[in-house]
Structures are given as C-alpha cells and as structure tokens.
Amino acid sequence: STQSTGICKLIKDYILEMITLTLILALLFSIVTSNPCDIYASGGTPCACAHSTVRALFNSYNGYLYQVQRQSDRATKNIGLLVTGGHANSTEQDEFCRGTNCFIVIIYDQTGHGNDLTVGTPGGANPRGNTPADATAESIYIRRNKVYSVYIKPGEGYFHDGARSGIATGSEPEGIYMVTSGTHVNGGCCFDYGNAEANRRDNGAAHMDAIYFGTSCWFGGCEGTGPWVQADLENGLFSGGSHRWNTNQRAFPDRFVTAMSKNDGYKTFALKGGNAQSGGLYTLYDGPLPEGYSPMKKEGGIILGTGGDDSSWSAGTFYEGAMVRGYPSDTTENAVHENIVAAGYGF
C-alpha cells in the first residue's frame, strides 16, 4: 500500500542518516584521539621521522621531545611530556634553565627510527656549521599548556643523515608537513624542513625535496610579499611546476600555518597550506614536476632551518613536522590538518 511504502522510505532514510552520522562521529573521534602520525599510518603512509617541541605526534608516544643545554655549566636536560600522547612539560625546561640561557641541541625523532635532529654540521655554503636555537625565544600555548617553539634566526639550524634510517631516497615517493608561523620570516635562504643532501653540498637539481616557508621570490615575478609555501627541490624554490610564478599561490601571514608538500618522485608534486587555527587546506599546486627534476634524486638528509648546502640566512619558526613514506592522499592530509586545528594552537 501507499502507507506501507511511505513507512519503508522513512525507515530507509532514518537508517541512512544514522549510518552517515556514525561515519562522521567516527572521523571526528579519529581526529581527536589520533595524532598526525597515527593518521598518516592509517592512510598507508607511515611517518619516517617526526619532530616537535610542543606535543607528541603519535597518540602512544611517551618519550622525550627535545634536549636543552644550559649556557652556565653546559649541562643538558631532556624535555618530555605531561602525559602519553600529550604536550611538552615546559615546567621541566623552566626549572632547569632558571637564571641562565638555554639552547635546543637535539629534537628527538618520535618514530623510533633514530632520526634525531642535532645542530647542523658544516656545509658547502657554511663551513662553520650552525648554532642552536634559543630554547626560550618563544613560548606559546596549546590548550592552555605552555610550550616552547624552535625559533630559528639566521645561522641556526639542524641536520641528520637519515638515508639509512627510513627517509626516502632516489625517486621514492614522500610527503612532508610542518606547522610554522607567518609572523617570523625573512627572504634569506632557506627556511626548509625536509629531504636534502646527505653530504651538505649542492649536488644539483632534484637532490632535495623540502618545504620552504618564507618571503623569498627565487625566480622573480611573485605577486605580493608572502610568506609562501614553496618547494625547495635544489637550485630553486618552486611556487608551482616551473620557473614562472604560480598564480594559484597565496600568502600565509597567519600566526600559525600548516605547510604541506608531497612528491611521487617521477611525475607529480603538490603544495598545500592553511591557517593552523581554523579552516581547511588550500591546494596551491598539484601537477607535473619542473623540467629537469624527473626522476628525483633524493638523498635522505633531514634539514630544519637551512638549505641543503647549509645556506643559513633564513628566519622561521618550527612547532612540529614529519616526513612520511609514500604519497599521502588528500583525505589523509585534510585529516592531519584538522588534527592540527583541533590541537588548539594559541598564544
């Protein structure tokens, strides 16, 4: 009968609504209870290294985040978490560094692969090597928990050779993300986080695969003053797939910024960015690699705050980041960004 048909339709619609609601709730629960590297792993692209001075990037992580060194007596202290999978215990640093200067000398890899970042060794562009960042230069809050950033000034930076410990090499696919700031930047080369030369020399095009964030307009023709999310693929900061300015680019002057890149090693790379406090990701570029950059020749060195040859004239801020094996899906990257927004960055 017509009445029976109507009741069946209502029941069917109700069941579909409940299924949809359940899926939405499951996604929200995943974002809240998982941290970025849990999300990447669930998408089939596990983290090869994970660094942060502000929080755990795995929900199960309960190790140290970073190490500080006191200027007064050169003693060191490892800084851990308040709870498993939680935020940095900044009280440990405050007590240890009271009355003297402290510097960040190690940023620990949370994956267990041993890709710890230490103060950068000499390179082709900087034969003296790097100095460590001031451990108390900037404090912020994550959900009312005080934490410290890696606040990098020119000359400071970090490095680790991860070629034998899980970091992508050659033409292997790779994804990278970091949370940075649009309020502490410059145009010096190069505030990078990602894959670079293992020997700290400029080995030519395609030997790097790193995120750059800053105001450098490498090839000219830029629109505005930045800062922009670009790809440092060596011998060029690419806003898109060529030397020409990518008109889909946009500046991110926000207090906290999510920056992402991914590179399949042969044909395609993508750049994304977003406000780390609200909203979604913007796809800035998704297309072919620049001419002369296929196949990629990644070497597996990990850099933070410098170029691949240790060019050390940049300024920038690092809160968290990871490099992953494989080519992350858009769904995975969106979920990671949503997790970052939900983390509650503030100041």
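Does the stretch 168-185 hold any residues that are surrounded by fewer than 18 Cβ atoms within 10 Å (Cβ to Cβ) and farther than 17 Å from ASP254 by Cβ, and which are they?
To start, the set of residues in the stretch 168-185 that are surrounded by fewer than 18 Cβ atoms within 10 Å (Cβ to Cβ) comprises 170-171, 183.
Listed by number, the residues that qualify are GLY170, SER171.
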Query - Of residues in the stretch 282-300 being over 23 Å from ASN203 (Cα atoms) and surrounded by fewer than 18 Cβ atoms within 10 Å (Cβ to Cβ), the one farthest from the chain's Cα centre (by Cα) - result: GLY287
Query raised in the report: Pick from VAL179, VAL185, VAL229: which is in contact with a helix residue (DSSP H, G or I) (Cβ under 9 Å, 6 or more places away or on another chain) and among the β-branched types (Val, Ile, Thr)?
Result: VAL179
Query - Selection within the stretch 53-102 - in contact with a Leu (Cβ under 6 Å, 6 or more places away or on another chain), of a type outside the set (A, V, I, L, M) and in contact (Cβ under 8 Å) with a residue 60 or more places away in the chain - result: THR53
Report task. Please enumerate the residues belonging to the stretch 184-208 that are in a strand (DSSP E or B) and on the phi < 0 side of the Ramachandran plot. Result -> ASP192, TYR193, ASN195, ALA196
Report task. Quick one: GLY175 ticks every box in (1) part of a loop (DSSP other than H, G, I, E, B); (2) in contact with a strand residue (DSSP E or B) (Cβ under 7 Å, 6 or more places away or on another chain); (3) of a type in the set (Gly, Ala, Ser) except a single one, so which number is it? Result -> (1)
Query - Failed criterion for ILE303 (all others in (1) in contact with a Pro (Cβ under 7 Å, 6 or more places away or on another chain); (2) open to solvent by less than 10 Å² (accessible area, probe 1.4 Å) hold) - result: (1)
Query raised in the report: Which of (1) under 25 Å from SER171 (Cα atoms); (2) in contact (Cβ under 8 Å) with a residue 60 or more places away in the chain; (3) open to solvent by less than 50 Å² (accessible area, probe 1.4 Å) does TYR266 not meet, given it meets every other one?
Result: (3)
Query raised in the report: Could you count how many residues in the stretch 122-135 are surrounded by fewer than 18 Cβ atoms within 10 Å (Cβ to Cβ) and part of a loop (DSSP other than H, G, I, E, B)?
Result: 5
Report task. Check GLY157, GLY224 and return the single one that is of a type in the set (Gly, Ala, Ser) and open to solvent by 10 Å² or more (accessible area, probe 1.4 Å). Result -> GLY224
Query - Residue list for the stretch 87-120, filter: open to solvent by 40 Å² or more (accessible area, probe 1.4 Å), farther than 17 Å from GLU156 by Cβ and over 18 Å from the mean Cα position of the chain (by Cα) - result: THR91, GLU92, ASP94, GLU95, ARG98, GLY99
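May I ask you to verify whether ILE211 is surrounded by 24 or more Cβ atoms within 10 Å (Cβ to Cβ), assigned to a strand (DSSP E or B) and among the hydrophobic types (A, V, I, L, M, F, W, C)? Talk me through it step by step, then tell me what you get.
Details: surrounded by 24 or more Cβ atoms within 10 Å (Cβ to Cβ): yes; assigned to a strand (DSSP E or B): yes; among the hydrophobic types (A, V, I, L, M, F, W, C): yes.
Criteria met by ILE211.
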Query raised in the report: Which of the following residues is surrounded by fewer than 24 Cβ atoms within 10 Å (Cβ to Cβ), touching a Cys at 6+ places or on another chain (Cβ under 7 Å) and modelled with pLDDT of 95 or more: SER165, SER216?
Result: SER216
Query raised in the report: Given the conditions (1) part of a loop (DSSP other than H, G, I, E, B); (2) touching a helix residue (DSSP H, G or I) at 6+ places or on another chain (Cβ under 6 Å), and given that ASN248 satisfies all but one, which numbered condition is not satisfied?
Result: (2)
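The values are calculated or read from the model by the stated rules, or taken from the named source; none is laboratory data. Every value quoted in this text rests on a predicted model; they were computed, and no experiment measured them. Neighbour counts run over all protein chains shown; Cβ positions are idealised from the backbone, glycine included. All accessible areas refer to the heavy atoms of the entire protein, side chains included, with ligands and DNA or RNA removed. Shrake-Rupley method; radii C 1.70, N 1.55, O 1.52, S 1.80 Å.
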